[in-house]
Amino acid sequence: MKYLVMVQGSHADYEAMSGRGPAQGPAWDKESLKAMFDFMNTLNKELVESGEMLDGQGLADPAETRLVSLDAQGRPVVTDGPYAETKEVLAGYWVLDCASLDRVTEIAARVMRCPQPAGAPAYPVVIRRIDETGPVQD
């Protein structure tokens, strides 16, 4: 079964990772960033070697976000980020092909052990099964 495993964060977390610590958490130093990237690179390598990782990416700063919606006349309305009202954003993801929900849960629990500076906020890892039923055929 295929699963989307998502890691959340906030715009403030991206600021902290660039060395500008927000009021609610510490700034990340070079050692903290290296520890996080080393952890993620090791995990990704193991998931590739096991054949479970189909894709995985960290996402850029939410300041680079663009929302596209429609106005009442159906014309596109484009709004650039960041969005102060957004408390959490998708920070990264994996698309995994795992034998069971238990296995993907085990991987998510491992993701939760990724090193970070003391006092940095922790977010749950979100697991969603990818619906592979396909389009309805006539």
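Condition first: modelled with pLDDT of 95 or more, in contact with a Cys (Cβ under 9 Å, 6 or more places away or on another chain), assigned to a helix (DSSP H, G or I) and closer than 28 Å to Ala118 by Cβ. Can you find one or more residues in segment 45-65 that meet it? Looking for residues that are modelled with pLDDT of 95 or more, in contact with a Cys (Cβ under 9 Å, 6 or more places away or on another chain), assigned to a helix (DSSP H, G or I) and closer than 28 Å to Ala118 by Cβ, one finds none in segment 45-65, hence no.
What number of residues in segment 9-44 are aliphatic (A, V, I, L, M), assigned to a loop (DSSP other than H, G, I, E, B) and surrounded by 12 or more Cβ atoms within 10 Å (Cβ to Cβ)? Final tally of qualifying residues: 1.
Only one of Ala109, Ala91, Ala16, Ala27 is within 30 Å of Thr133 (Cβ to Cβ) and in contact (Cβ under 8 Å) with a residue 40 or more places away in the chain. Can you tell me which? Write out each step before concluding.
Values: Ala109 fails: in contact (Cβ under 8 Å) with a residue 40 or more places away in the chain; Ala16 fails: within 30 Å of Thr133 (Cβ to Cβ); Ala27 fails: within 30 Å of Thr133 (Cβ to Cβ).
Result of the check over Ala109, Ala91, Ala16, Ala27: Ala91.
Checking the conditions here, which among Ser69, Ser50 is surrounded by fewer than 10 Cβ atoms within 10 Å (Cβ to Cβ) and either touching a strand residue (DSSP E or B) at 6+ places or on another chain (Cβ under 6 Å) or within 23 Å of Glu132 (Cα to Cα) (or both)?
Numbers: Ser50 fails: surrounded by fewer than 10 Cβ atoms within 10 Å (Cβ to Cβ).
Within the list Ser69, Ser50, the selection yields Ser69.
Just give me the residues in segment 1-56 being among the aromatic types (Phe, Trp, Tyr) and under 16 Å from the mean Cα position of the chain (by Cα), in sequence order.
First, the residues of segment 1-56 that are among the aromatic types (Phe, Trp, Tyr): 3, 14, 28, 37, 39.
The answer is Tyr3, Tyr14, Phe37, Phe39.
Within segment 67-90, being part of a strand (DSSP E or B) and under 23 Å from Tyr123 (Cβ atoms) holds for Leu67, Val89, Leu90.
Scanning segment 24-59 for residues being touching a helix residue (DSSP H, G or I) at 6+ places or on another chain (Cβ under 7 Å) and within 19 Å of Ser10 (Cβ to Cβ) gives a total of 6.
When the criteria are applied in full, Gln137 fails the requirement of being among the polar types (S, T, N, Q), more than 27 Å from Asn44 (Cβ to Cβ), surrounded by fewer than 16 Cβ atoms within 10 Å (Cβ to Cβ) and at pLDDT 95 or above. Scanning segment 103-110 for any residue that is outside any helix (DSSP H, G or I) and either of a type in the set (A, V, I, L, M, F, W, C) or over 30 Å from Arg20 (Cα atoms) (or both) turns up nothing.
For segment 91-129, how many residues meet the condition of being within 26 Å of Ser32 (Cβ to Cβ) and not aliphatic (A, V, I, L, M)? So the count comes out to 14. Would you call Thr86 in contact with a Ser or Thr (Cβ under 9 Å, 6 or more places away or on another chain) and either modelled with pLDDT of 95 or more or among the polar types (S, T, N, Q) (or both)? When the stated conditions are applied, Thr86 passes them. When segment 112-134 is limited to residues that are touching a residue at least 24 places away in the same chain (Cβ under 8 Å) and farther than 20 Å from Pro26 by Cα, the one that is surrounded by the fewest Cβ atoms within 10 Å (Cβ to Cβ) turns out to be Glu132.
The values are calculated or read from the model by the stated rules, or taken from the named source; none is laboratory data. Quantities reported herein were computed from a predicted structural model and do not represent experimental measurements. When we count neighbours, we look across all protein chains shown, and the Cβ atoms used for this are built from the backbone with ideal geometry, even at glycine.
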